[in-house]
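Nothing in this text is a laboratory measurement; each read-out follows from the coordinates by a stated rule. These figures come from a predicted structure and were not determined experimentally. Methodologically, a virtual Cβ is constructed for each residue, glycine included, from the backbone with ideal geometry; neighbour enumeration extends over all protein chains shown.
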Amino acid sequence: MATRAGARTLGLADEIGSNEVGKRADVIVVDRDRLHLAPGPDPYSTLVYAARGSDVRTTIVDGTLLVDEFAPVRVDRDEIVVEARAAALRLVGRAEALMG
């Protein structure tokens, strides 16, 4: 309901908003067998209030598989960590320089 109404509001109902052939779509598959998601009688509330990013088993964006079995398929995790740490150090350096 939210995705259809959002697509209509944006004037994009012909392109997005529902899973149909020819439309762009993003899909995630969440592993509901995690301890913090049990018993989870209401799947909507469970996803909103208890699920974490680390519970996402599969991510498909516009038909492209990005995460499979909890692992990114198009990037190197180790490379991301190295780049993120370097960026954090640069950011800290900039903040220190500004604070004088």
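Assorted remarks:
- Solvent-free Debye scattering, log10 I(q)/I(0), computed from the Cα coordinates of segment 24-69 at q = 0.15, 0.16, 0.20, 0.31 Å⁻¹: -0.40, -0.45, -0.65, -1.07
- Karplus 3J(HN,Hα) series, Hz, for segment 25-41 with 6.51 cos²θ - 1.76 cosθ + 1.60 (x for Gly, Pro): 8, 10, 9, 10, 10, 9, 7, 7, 8, 6, 4, 6, 9, 9, x, x, x
- Segment 6-45 residues near the modelled Ser54 label - backbone nitrogen below 12 Å, point 7 Å along Cα→Cβ: 35-36
- Residues whose amide H lies under 5 Å from that of Leu66, counting only those 5 or more places away or on a different chain, are Thr59, Ile60, Val61; hydrogens are built 1.01 Å from N in the peptide plane.
- Integer Hz, Karplus 6.51/-1.76/1.60 couplings in order for segment 62-78, x for Gly and Pro: 6, x, 9, 6, 10, 10, 9, 6, 6, 10, x, 9, 10, 9, 9, 4, 4
- Label selected from (i) 12.6; (ii) 10.4; (iii) 7.8, the criterion being mean projected area of the Cα convex hull in nm² as computed here: (ii)
- For peptides 5-18, 77-90, sequence by mean Cβ density within 10 Å, most packed first: 5-18, 77-90
- The mean sequence separation of alpha-carbon pairs under 8 Å and at least six residues apart, normalised by the residue count of the chain, gives a relative contact order of 18 percent.
- For the peptides 24-30, 42-48, the ranking by mean Cβ contacts within 10 Å, running from highest to lowest, is 24-30, 42-48.
- In order through segment 4-20: 3J(HN,Hα) via Karplus (6.51 cos²θ - 1.76 cosθ + 1.60), integer Hz, x for Gly, Pro: 5, 5, x, 5, 4, 4, 7, x, 10, 4, 7, 10, 9, x, 7, 7, 9
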